[in-house]
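The values are calculated or read from the model by the stated rules, or taken from the named source; none is laboratory data. Computed from a predicted structure; not experimentally measured. Every residue, glycine among them, receives a Cβ derived from its backbone with ideal geometry; neighbour counts consider all protein chains shown.
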Amino acid sequence: MSNSTLAAHTATFDTGSAASLPSGKAGVWWFLASEIMVFGGLIGTYILFRVAHGGWAEQASHVSWRLGATNTLVLVTSSLTMILALNASRTGRHQRAAHFLLLTVLLGLTFLGIKSIEYTREIREGFVPSSGMFWSFYYIMTGLHGLHITGGIIFNAILYFGATRGTLWSGGHGNRIEFAGLYWHFVDVVWIFLFPLLYLS
Amino acid sequence: MSRLLPPDVSTFGADIDHVFWLIFWIVGVWFIVAEGALLYAMLRYRRKPNTPAQFLHGNSARQMAWVLIPAVVVLFLDLGIDHAGARAWELVKLDLPPATTLIQVGGKQFNWIFTYPGPDGKFGTADDVTVENELHVPVGQVVRFELSSTDVIHSFFVPELRLKQDAVPGRIIRGWFQVTAPGTYEIACSELCGFGHYTMHGSLIVQNAKDYEAWVSETWPKKTASNASASLTKLR
Amino acid sequence: MDTAIAHAHQPPASFLRRYVFSIDHKVIAKQYLTLSLAMALIGGFTAYLIRWQLAWPETDIPGWGPIGPDNYDALITMHGTVMIFFVAMPFLLGGFGNFLIPLMIGADDMAFPRLNMTSFWMLFTASSLIVASMFVPGGPAAAGWTSYAPLSDNPIYTGVTWGQNLWILAVALEFASFLMGGINFLVTALNLRAPGMTLWRMPLMVWMELTAAVVFLLSVGPLVAGALMLLMDRTLGTGFFRPDRGGDPLLWEHLFWFFGHPEVYVVALPGFGIMLEVLPVFSRKPVFGYRMMVWSTLAAGLLSFLVWAHHMFVSGMDPRLATPFSVTTILISVPFAVLVFAMIATVWGGSIQFTSAMWFALGGLATFMIGGVTGIFLGSATTDIFLHGTYFVVAHFHYTLFPVTFFGGFAGVYYWYPKMFGRMMNEVLGKIHFLFTFIFFNAIFIPLFITGLRGNPRRLYEMSNYDFLKPMQSLHVIATIATIGLLLGQLPFVANFVLSMFFGKKAQDNPWHANTLEWATSSPPPFGNFAEPPTVYRDPYEYSVPGASQDWIAQTAPEPFITTVAAD
C-alpha cells in the first residue's frame, strides 16, 4: 500500500464539508438507516392493523410476558457486555475485550434459546403463523428479529475468535467491535419496541 | 380535439373533463414553449467558427430568475389545477347524493355480478335479482352502487361515464353516477385480475323511463306492475 | 486502516481475480453494464412478444410461436420487472455510478471494494433467479411487476406457484445488492474525496447518484417487509394481504408504492445526471445554476417520499387522502421543472457540438418533457379517475423511464466509452442509432397515449372483446411496427459497441476536452485510477470562461487561471 494512497484514504481534508465519520462507521450507520425502515415498516403496519381491527387481545394473551421480559433483560445485558468489550478494546485490554465478546455471544444464544422455547410451546399449543393476524405479525416480527440476532451472534463470534487469536488486533481491525456494537444495539432497540407491542398489550 | 376523449354521458363527466382540459391547455402551452426553446437553442447555438459559448453560469440571482420565475409560475398553476381538481373530486368521490336506484356490483374472475334489490328496495331479500354482466339503470336518475369483489382486485370502469373504482375483496366501496343519455355503454375491468382479465366485459344499459319500467315489470312480474315500479322509484 | 483497500500496487495476476471476482470498481462497473445489457435483451424481447400479440392477436409470433393469455400476463410481468430492476438500475447505478463516482471525486476506488464485488454477484444471482423463474412449473410470476394481492398472494388465482416465490426472492436479493451499493456510494463520496474536492465541487452526476442512493436506502425497507409478508402468505398460511384470513390487499399497495414511487426517481436522477454531464461539455458552457440544481435534486428526493398514494387514488383507500396526495404530487413537478428549465438554459447560448452523446442527451431531455407533463394529468386525482389503469399511464411512464434509462444511458455510453475502453466509438453509427431510437420510440408511445385517452385499459391480452377499442386497432399495429423498428434500430449500437472495442480509434486521455476528474487520467484509467492523487482547485463546469486561453479548464488546473464565477 503506497503512502500516497494511504494518505488519500486516511487524511482529513479541509474540504469545507461537514465532519465525516470514518468510513466503516458511516457504512454501518447507513445500513442501520435502511434497517430502521424495514422494522419501522413492520412495526408501523402492526400498529395500524391492530388499531384498525382490534380483537387481538385474546390471541396476544397466549404469549408469555415473563419469558419476553427475561429475554429483554438478556438482550439489554448483552448490549452492556458489548459496550464493555468496546471499552476494553479501546484501552488495550485485549483479553478482557475477548471475554466480554464471548459473554455477548452467550447472551445472544440465550436469547435465541428462550425464543425457541417460546416458539416450541406456542406451536405445540397450536399457535402457528396462520392462526390469526396477531400470530402472523408475531412470527414475522420476532422471526425477522431473530434472524438479525443470529447474524449478530455469528459476527460477534467471528470477532471473538479473532480477538483470542490476536488477528483482530494485529490486523488493525479492532474498531470492528464498534461496528458490531452499533449493529447489536440496534437489534436490541428493535426488541425494546417489539416487547411491549407484542407482549404487553 | 374533443375526439381525444370518448363521448361523455354522465353528470360528473363534464366536471372531470373540465379539469382535464384545464390541465391540457396549461401544460400544452408550457410544453410548446419549453420544447420550442430547446429546439431554438439547438438550431441557433450550433457551433460556429469564432463564436464562443456564452459564460452563463446561472449562479447569480438575476440569471437564476430565468429559471426560478417560470418555476414559481408553474407552482401557482399547479395549485390552481389542484384547486379545480379538489372540487371535482369531492363531487365525484366524497359526496354521495341521495339515490333513487341502488345496485350491488361484484367483481369475480371474470364477470361482473350485478344484484338488484327488487321492489322492496332491500338487499338480501327474496326479490333480489342477480344478473351477470348486464346492468340496467334509468337515465337521469342517481344510481348508487356498492362495489366489492369475491376474489382479487378488479376495477369497475365505464369510460363514457368517466367512472372508475377498484373493487377490492374484503371491502364494500360506495359510489354513484348519473347518466345523461340512454344507450348501451361498455364496462371494462381496468385492474389486472388474472388470465381472463381481457374477457371481463359488461354492458351498462341506460334506458328512458318507459323502457326502464318495462324492464322492471319484466324482471319482477308480480302483483301489479305499477306498484312495483312505484316503490322502486322511492328507493333510498 | 478499516477502510481496507485490499489491493496492492499492482493489479491482481490471475484472470479470475482480475476480471471475474474483481474488487476494482471499474471492472465491477463493466460487469454491471454487461449484465444490464444482457437483461435488456430479455426485456426487449418480451416487449416484442407483447406488442406482436396486441397488433395481431392469436397469431403465431415469428421466432416464438403462439402465446396464450397466461403467457401474456407473465410476459408483461417479466417485462416490467426485468426492465426496472435488472436493466435500469444496474445500468445507471451499478454501471455508471460505480465507474464514475471514485473517478469523479479523485479516489482510487470505492470505500468498500469487497462489498462492491459482493453486490455485483448478488445481483447476478438475483438475475439468475428471475430468469430461472421463467422455466419453473406454473411459469413465472404473472401478477404484474406491481404484484398486487390477492392475485399474487393466492396461487389459485393464476396457477403460478414457484414463479411468484422466485420473483419475490429475486427482487429481495436485488434490493440487498443495491442497498450494499448505495452504502458504498454514500460513504465513498462523503469520505474519499480528493483534496480540494468539496461537496460543492462534485459533478452533478455524483450528486444525482448519491441522492438516488439515499432515496433507495430509505424507501426500500417497507417493501422488504411487504415481500416477506407476501412470501409468508404464500408459504406459511398467513393472511397479511388476504381478506379471507383477516388481511387487507391495500396494505400491499401501500407498502409497494411507498417504495415504488421513490424508486422511479432512483432511476430517473442518475439518468438526469448523465445528461447534466454531457450537455455542458458539448455546449461548452457551465451547467446553469449548479447549486440550484443540487437543491432541486434534494427537494425532489425528499418529496418523492410523500407522493406514493397517487398510484392508489381509485384503489378504495379513504378518498379524503386523494387531495393531499394530489397536492404533493403536483408539487414535485416544481423541482423537476427547475431541472428541465436549467438544462435548457445550459445549452442556451452555447457552442453546441452534435456528437452522438449530445444527441442522446438532448433527445432524452425532449422526450422526458412529454413524460413530465403527462404526469400532471395522473397526479391530479380527478383526471386520474379516468386515466388510471389505461394506456395513458403506460405511455406516461415509458416517456419518463425510457428517456432517462436509454437516452440517458446511451448518452453515457457514447460519452464515457473512450474512458472505459480506451477506444472511440463510431459517430456515424451513433447518430444512426439515435435517429432510429428517437423516431421509433415516439412512434410506439404517441399512439398509445391516444388509445389511453379513449379509455383503453392496460394489461389486456387482446382488445377484441370491447367494441370501443376495435376502431383503435390500427394504432396498436403502428405501435408494434415501431417496436420492431426500435429493437432493430439497436443493432447499430450493438455493432458499434463490439467493433469499436477492437477497431475503434485509440482514445486520448480527454477526447472531449472536459473538466471533470475522470478525464484527468488515461483512457482507460490505470490501476488505482490516478498516477498521483489529484488536487482539485475549481468547479467542474468552467467552460468558455471569459479571458481564458481555451474553452475548458480542468478541475485540477491550479491558479493562476481565471477565478470562478464572474459577476454577471
(message) Would you confirm, using the coordinates I've provided, whether C:GLY226 is surrounded by fewer than 20 Cβ atoms within 10 Å (Cβ to Cβ) and not aromatic (Phe, Trp, Tyr)?
(response) no
(message) If C:LEU190 meets every condition in (1) facing chain A (nearest Cβ under 7 Å); (2) farther than 19 Å from A:PHE134 by Cα; (3) surrounded by fewer than 24 Cβ atoms within 10 Å (Cβ to Cβ); (4) touching a Lys or Arg at 6+ places or on another chain (Cβ under 9 Å) apart from one, which number is that one?
(response) (4)
(request) Just one of (1) within 24 Å of B:THR150 (Cα to Cα); (2) in contact (Cβ under 8 Å) with a residue 60 or more places away in the chain; (3) within 12 Å of chain A (Cβ to nearest Cβ) trips up C:THR238, so point out which. (result) (2)
(message) Take the conditions buried (at least 24 other Cβ atoms within 10 Å of the Cβ), out of contact with any strand residue (DSSP E or B) (no Cβ under 6 Å at 6 or more places or on another chain) and over 22 Å from B:ALA86 (Cα atoms) and apply them to C:PHE336. Does it pass?
(response) yes
(request) Please tell me if A:GLY92 is surrounded by fewer than 16 Cβ atoms within 10 Å (Cβ to Cβ), within 13 Å of chain C (Cβ to nearest Cβ) and either without any contact (Cβ under 8 Å) to a residue 40 or more places away in the chain or under 29 Å from C:PHE241 (Cβ atoms) (or both). (result) no
(request) Mind listing whichever residues of segment B:122-157 are at pLDDT 95 or above and of a type in the set (Lys, Arg)? (result) B:ARG144
(request) Report, by residue number, each residue of segment C:375-390 that is of a type in the set (S, T, N, Q) and assigned to a helix (DSSP H, G or I). (result) C:THR382, C:THR383
(message) For segment B:9-25, give me the residue count where each residue is assigned to a loop (DSSP other than H, G, I, E, B) and either in contact with a Ser or Thr (Cβ under 6 Å, 6 or more places away or on another chain) or surrounded by fewer than 20 Cβ atoms within 10 Å (Cβ to Cβ) (or both).
(response) 2
(message) So for segment B:169-179 (the condition being more than 24 Å from B:TRP220 (Cα to Cα), β-branched (Val, Ile, Thr) and within 14 Å of another protein chain (Cβ to nearest Cβ)), does at least one residue qualify?
(response) yes
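Residue-wise test of (1) more than 30 Å from C:LYS419 (Cβ to Cβ); (2) touching a strand residue (DSSP E or B) at 6+ places or on another chain (Cβ under 6 Å); (3) surrounded by fewer than 24 Cβ atoms within 10 Å (Cβ to Cβ).
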| site | (1), (2), (3) |
| --- | --- |
| C:LEU93 | no, no, no |
| C:LEU103 | no, no, no |
| C:PRO113 | no, no, yes |
| C:ALA142 | yes, no, no |
| C:ALA149 | yes, no, no |
(message) Which count do you get for residues in segment B:39-61 that are outside any helix (DSSP H, G or I), among the small types (Gly, Ala, Ser) and closer than 13 Å to C:PHE354 by Cβ?
(response) 0
(request) Out of the residues in segment A:123-161 that are more than 10 Å from chain C (Cβ to nearest Cβ) and over 27 Å from A:TRP184 (Cβ atoms), state the one that is surrounded by the most Cβ atoms within 10 Å (Cβ to Cβ). (result) A:PHE127
(request) Scan segment C:449-470 residue by residue and report those that are of a type in the set (S, T, N, Q) and more than 7 Å from chain B (Cβ to nearest Cβ). (result) C:THR451, C:ASN456, C:SER464
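Just to be sure before I move on: is B:GLU90 more than 7 Å from chain C (Cβ to nearest Cβ) and surrounded by fewer than 19 Cβ atoms within 10 Å (Cβ to Cβ) in the structure I sent?
yes
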(request) State whether the residues of segment C:447-461 include one that is of a type in the set (A, V, I, L, M), touching a His at 6+ places or on another chain (Cβ under 7 Å) and in a helix (DSSP H, G or I). (result) no
(request) State whether the residues of segment A:175-195 include one that is buried (at least 22 other Cβ atoms within 10 Å of the Cβ), touching a Pro at 6+ places or on another chain (Cβ under 8 Å), part of a helix (DSSP H, G or I) and in contact (Cβ under 8 Å) with a residue 60 or more places away in the chain. (result) no
(message) Give all pairs with beta carbons closer than 8 Å in which a residue from segment C:10-28 that is of a type in the set (S, T, N, Q) meets a residue that is not in a loop (DSSP other than H, G, I, E, B); count only pairs at least 6 apart in sequence or on separate chains.
(response) C:SER22/C:ILE28; C:SER22/C:GLN31; C:SER22/C:MET117
(request) Those residues that are of a type in the set (Val, Ile, Thr) and either over 26 Å from the mean Cα position of the chain (by Cα) or within 7 Å of chain B (Cβ to nearest Cβ) (or both), I need them from segment C:341-354; list them, please. (result) C:ILE344, C:VAL347, C:ILE352
(request) Please indicate, with yes or no, whether at least one residue in segment C:388-395 is out of contact with any Pro (no Cβ under 8 Å at 6 or more places or on another chain), modelled with pLDDT of 95 or more and away from chain B (no Cβ under 11 Å). (result) yes
(message) Conditions first: (1) β-branched (Val, Ile, Thr); (2) surrounded by 23 or more Cβ atoms within 10 Å (Cβ to Cβ); (3) away from chain B (no Cβ under 14 Å). C:THR77 passes all but one, so which condition is the exception?
(response) (3)
(message) Considering only residues that are in a strand (DSSP E or B) and surrounded by fewer than 24 Cβ atoms within 10 Å (Cβ to Cβ), which ones fall in segment B:146-157?
(response) B:GLU146, B:LEU147, B:SER148
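When the residues of segment B:39-67 are filtered to those that are aliphatic (A, V, I, L, M), facing chain C (nearest Cβ under 7 Å) and within 46 Å of the chain's Cα centre (by Cα), which remaining residue is surrounded by the most Cβ atoms within 10 Å (Cβ to Cβ)? First the steps, then the outcome.
Let us first name the residues in segment B:39-67 that are aliphatic (A, V, I, L, M), namely B:39, B:41-43, B:53, B:56, B:61, B:64-65, B:67.
Keeping just the survivors that are facing chain C (nearest Cβ under 7 Å) gives B:41-42, B:53, B:56, B:64, B:67.
Next, only the ones that are within 46 Å of the chain's Cα centre (by Cα) stay: B:41-42, B:64, B:67.
On the way: B:ALA41: 20, B:MET42: 20, B:MET64: 20, B:VAL67: 24.
Checking each candidate, the answer is B:VAL67.
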(request) For segment C:56-68, enumerate the residues that are touching a helix residue (DSSP H, G or I) at 6+ places or on another chain (Cβ under 7 Å), surrounded by fewer than 20 Cβ atoms within 10 Å (Cβ to Cβ) and not aromatic (Phe, Trp, Tyr). (result) C:ILE61
(message) I'm trying to understand the selection: among the residues of segment C:199-214, which are within 11 Å of chain A (Cβ to nearest Cβ) and either among the β-branched types (Val, Ile, Thr) or not in a helix (DSSP H, G or I) (or both)?
(response) C:MET202, C:VAL214
(message) Tell me the residue from C:ALA495, C:ALA520 that is surrounded by 21 or more Cβ atoms within 10 Å (Cβ to Cβ) and of a type in the set (Gly, Ala, Ser), please.
(response) C:ALA520
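Give me the residue from segment A:19-35 that is among the aliphatic types (A, V, I, L, M) and free of Cβ contacts under 8 Å to residues at least 60 places away in the same chain and, out of that set, nearest to C:SER219 (Cα to Cα).
A:ALA33
Taking the stated definitions as given, is C:GLY182 part of a helix (DSSP H, G or I), at pLDDT 95 or above, in contact with a strand residue (DSSP E or B) (Cβ under 8 Å, 6 or more places away or on another chain) and not hydrophobic (A, V, I, L, M, F, W, C)?
Here the answer is no, as C:GLY182 does not meet what is asked.
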(request) Could you grab the pairs with beta carbons closer than 8 Å, sequence gap of 6+ or different chains, first residue in segment C:320-338 and more than 7 Å from every other protein chain (Cβ to nearest Cβ), second one crowded, with 24+ Cβ neighbours inside 10 Å and among the β-branched types (Val, Ile, Thr)? (result) C:PRO335/C:THR297
